[in-house]
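Remarks on the structure that follows.
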Amino acid sequence: MDQNTGYDIWCGLDVGKQAHHACALDAAGRRVFDKPLPQDQKRLEELFTRLEGLGQMLVIVDQPNTIGALPIAVARSMGITVAYLPGLAMRRAADLYPGNVKTDARDAFVIAETARSMPHTLRRVDAGEDTLAELKVLVGFDEDLAAEATRLSNRIRGLLTQIHPALERVIGPRLATKQGLAVIEQLGGPQGMTAASKSRMLRVINKANPRGAADFANAITTALAEQTVVVAGTAAAEQVLPKLAASLRQVLDQRAELASQVEKVVDAHPLAEVLISMPGVGVRTAARILLDVGDASQFPTAGHLAAYAGLAPITRRSGTSIRGEFPARSGNKHLKRALFLSAFAALRADPVSRAYYDRKRAQGKKHNAALICLSRRRCDVLFAMIKNQETYQTPKPAPTPLAA
């Protein structure tokens, strides 16, 4: 939002779980309202109706989702424009006012005054945010499940490493597969697998997934034979491992079910086709991009987007002692991880990305550094795709110069 023309009242809301603080300013900067406000639809409607009687109004919140969702919904239902003041812009604006005290009343005033005097700092809260709000709930839950799956997997691998390292080397890498989970859930640890006949083990693995079942069963049998001593704690681990495997299977099943729901929401967004057309960008990555980047209107250039994602290197110079560029430690870590994993996936799906990665490795960069470079390059392409709303186009090879 670049202009404040057309507004007579700016109502800043410092939102809270139980109550908000509302501060409304007129065109001259005078406070026409400055009181706490319960998180209640009726009270919000009463305030907005009262302020609308003073002229055209703009409502500004500091959090467009979670605890700020109700004021936004109420304002929209009344036909009132809503804007969002990002946290960084608010903190910088707060430094312009004297005093170090932090209160809800002061924050609400800063929000309203910043909107009135510096409208370029605001972001629109469009109706499309409804879809993104739904997507945020699903993606947030999916990230919780992913963290839980990682915790359970690490716990299983840790127990196996403690009691039978050779078995962990075989089963550990397959914990995310149906075969790896089935053999632990139904047979237990090394003692349970040793007690089971090879034919039973093969049936368990084959039922989970017949592909490569015999090779997996043989690898487990070979690993079991490598250790004959029983490590302390093995009996307890035999009881715990099947329960951990069952929990991990349930979490992975929930993630698979949730992925279909996320896909439906993503597919309904107009940018879905654009994002998924890029090699290495799947449903989960597209969802993260939609949540954190949107239509990219808040980023003037691709460099700004890269800096926000923490992909742009930071230059550090101080006299002659410190010179160079270093990886950024700041930025949106969720977006950075999504773009990083997307670049990794593109190594197999996209020959152009693979060629660029190989060039960086040939220049002496390590694997992660080369992937960061590739992520930064793909960020430029992604920015252009979103801005132009065009699907990914494979670059054409440069023409070979004719011999003289």
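With respect to E148, is the statement that it is touching a Ser or Thr at 6+ places or on another chain (Cβ under 8 Å) and of a type in the set (D, E, K, R) true?
no
State whether one or more residues within the stretch 87-95 are within 30 Å of L25 (Cα to Cα), touching a residue at least 12 places away in the same chain (Cβ under 8 Å), in contact with a Cys (Cβ under 6 Å, 6 or more places away or on another chain) and not aromatic (F, W, Y).
No, because not a single residue in the stretch 87-95 is within 30 Å of L25 (Cα to Cα), touching a residue at least 12 places away in the same chain (Cβ under 8 Å), in contact with a Cys (Cβ under 6 Å, 6 or more places away or on another chain) and not aromatic (F, W, Y).
Hey, which of the helices (runs of 4 or more DSSP H) in the stretch 162-271, taking only ones fully inside, have at least 3 residues that are in contact with a Gly (Cβ under 6 Å, 6 or more places away or on another chain) and in the same structural domain as D144 (by TED's automatic domain parsing)?
The qualifying helices (runs of 4 or more DSSP H) are 234-267.
Would you confirm, using the coordinates I've provided, whether R317 is modelled with pLDDT under 90 and either in contact with a strand residue (DSSP E or B) (Cβ under 6 Å, 6 or more places away or on another chain) or not in a loop (DSSP other than H, G, I, E, B) (or both)?
yes
So if I check each of L37, L47, L51, which one is aliphatic (A, V, I, L, M) and in contact (Cβ under 8 Å) with a residue 40 or more places away in the chain?
L51
Please enumerate the residues belonging to the stretch 238-261 that are of a type in the set (A, V, I, L, M) and at pLDDT 95 or above.
V240, L241, L244, A245, A246, L248, V251, L252
For the stretch 21-66, how many residues are surrounded by 15 or more Cβ atoms within 10 Å (Cβ to Cβ) and within 26 Å of T131 (Cβ to Cβ)?
12
Among (1) modelled with pLDDT under 95; (2) of a type outside the set (G, A, S); (3) not assigned by TED's automatic domain parsing to the domain that holds F33, where does M118 come up short?
Single failed check for M118: (3).
The values are calculated or read from the model by the stated rules, or taken from the named source; none is laboratory data. Bear in mind the structure is a predicted one, so any value in this text is a computation, not a measurement. Because the Cβ atoms are built from the backbone with ideal geometry, glycine has one as well, and the counts that use them run over all protein chains shown.
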